There are 2 protein chains.
Amino acid sequence: MELLQILECSPPLTREPLDAEQAAGVARVFKALGDPVRLRILSIVASREGGEVCVCDITGAFELSQPTISHHLKVLKEVDLLTSERRASWVYYRLVPETLGELSALLGVPATV
Amino acid sequence: MELLQILECSPPLTREPLDAEQAAGVARVFKALGDPVRLRILSIVASREGGEVCVCDITGAFELSQPTISHHLKVLKEVDLLTSERRASWVYYRLVPETLGELSALLGVPATV
DNA sequence: AGCATGCATAGACGTATGTCAATATAGACG
DNA sequence: CGTCTATATTGACATACGTCTATGCATGCT
C-alpha cells in the first residue's frame with residue numbers, strides 16, 4: 001500500500017486509535033521528520049518561493065558533506081515528503097504538500113467548541 | 001528553553017526555514033512520534049473519552065513487555081506529548097493537546113486561495 | 001573523445017534506539 | 001511489618017541511523 005494512501009486512511013490521533021498498519025506507515029514519515037537536518041532541508045524547500053530548490057542550494061546551507069545531504073534528501077523522498085526532477089546538470093527538489101497536509105490533519109486537535 | 005516554547009516560536013515549515021535550534025527542538029518531538037508503538041500509545045490516550053488512560057490498559061493492548069511500554073511512555077512524556085499522574089496504585093497518562101496542536105500548525109499547509 | 005561538474009551510491013564506523021530479563025520502588029492491604 | 005500489585009529503572013544486546021571518504025554516473029563543454 002502506498003504511503004500517502006495510508007496517511008489518507010488514518011484517522012486523527014484524537015479520534016480513534018491507529019491500527020498497527022496505519023501506525024507503521026505514519027511512523028515512517030515522522031521518523032523522517034525526526035532529524036534536525038532533514039527538518040531544516042524540508043523547511044528550506046517548503047518555504048521557497050517557486051517551490052523548487054536545487055541540491056546545491058541546500059548543500060551550501062549546511063556544514064555537512066554532499067553525500068550526507070544527498071542521503072537526507074533520499075529519506076525525505078522515500079516518505080513522499082519531497083519529489084525530485086533532473087533538469088540539465090541540476091536536480092531540483094519540490095515539496096509534496098499533500099503529505100504535509102495529511103500529517104497536519106492527523107495531529108490536529110479538534111477545535112474546542 | 002522549554003520544548004513547548006520552541007514549538008510555539010517555530011514558524012510553519014512552509015513559511016520560512018527553521019533555524020538550527022528550532023529544528024533541534026522540533027526534531028525531538030517528531031522523533032518521539034517516529035515509532036509505531038508510540039504512535040499507537042499516543043492515539044490510545046488521545047482518543048480516550050475522559051482523556052485518561054491507566055498504564056495497565058496500554059500494556060494490555062500490545063504484545064510487548066511492561067518495561068518496554070514504560071520506556072515508550074517516558075519518551076512521550078519527555079517531549080511533552082503526555083503527562084502522568086499517580087493515583088493510588090495506578091498511574092494515569094493524559095494527552096497534552098497544546099503540543100499536538102503546535103505540531104499540526106507547524107506542518108499545516110496554508111489553504112489554497 | 002575527454003574532462004569538469006553536480007549529484008548519487010557504497011562501504012565503514014561510532015552512536016542511538018527498541019527490546020528484554022532482572023531488579024527496584026511505591027502504594028495498598030492484611 | 002510483610003507481601004502483593006502496579007509501574008519504573010537498569011543493564012545487556014542486536015539493529016538502525018547519521019556521518020564520512022571514496023567512487024560511480026550523468027550531463028555539459030571544449
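Read-outs throughout are calculated quantities, based only on the coordinates presented, and are distinct from any laboratory measurement. Here the structure is a predicted model, which is why all the values come from computation and not from measurement. Every residue, glycine among them, receives a Cβ derived from its backbone with ideal geometry; neighbour counts consider all protein chains shown.
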(request) Looking only at the stretch A:46-96, count how many residues are free of Cβ contacts under 8 Å to residues at least 12 places away in the same chain and away from DNA strand D (no atom under 15 Å from the Cβ). (result) 4
(message) So, restricting to helices (runs of 4 or more DSSP H) that lie completely within chain A, which ones have at least 2 residues that are within 9 Å of chain B (Cβ to nearest Cβ)?
(response) A:20-33, A:36-46, A:97-107
(request) Please enumerate the residues belonging to the stretch A:50-70 that are away from DNA strand C (no atom under 12 Å from the Cβ) and either touching a strand residue (DSSP E or B) at 6+ places or on another chain (Cβ under 7 Å) or under 14 Å from A:PRO97 (Cα atoms) (or both). (result) A:GLY50, A:GLY51
(message) For A:PRO110, only one of the following conditions fails: (1) surrounded by 14 or more Cβ atoms within 10 Å (Cβ to Cβ); (2) touching a residue at least 60 places away in the same chain (Cβ under 8 Å). What is its number?
(response) (1)
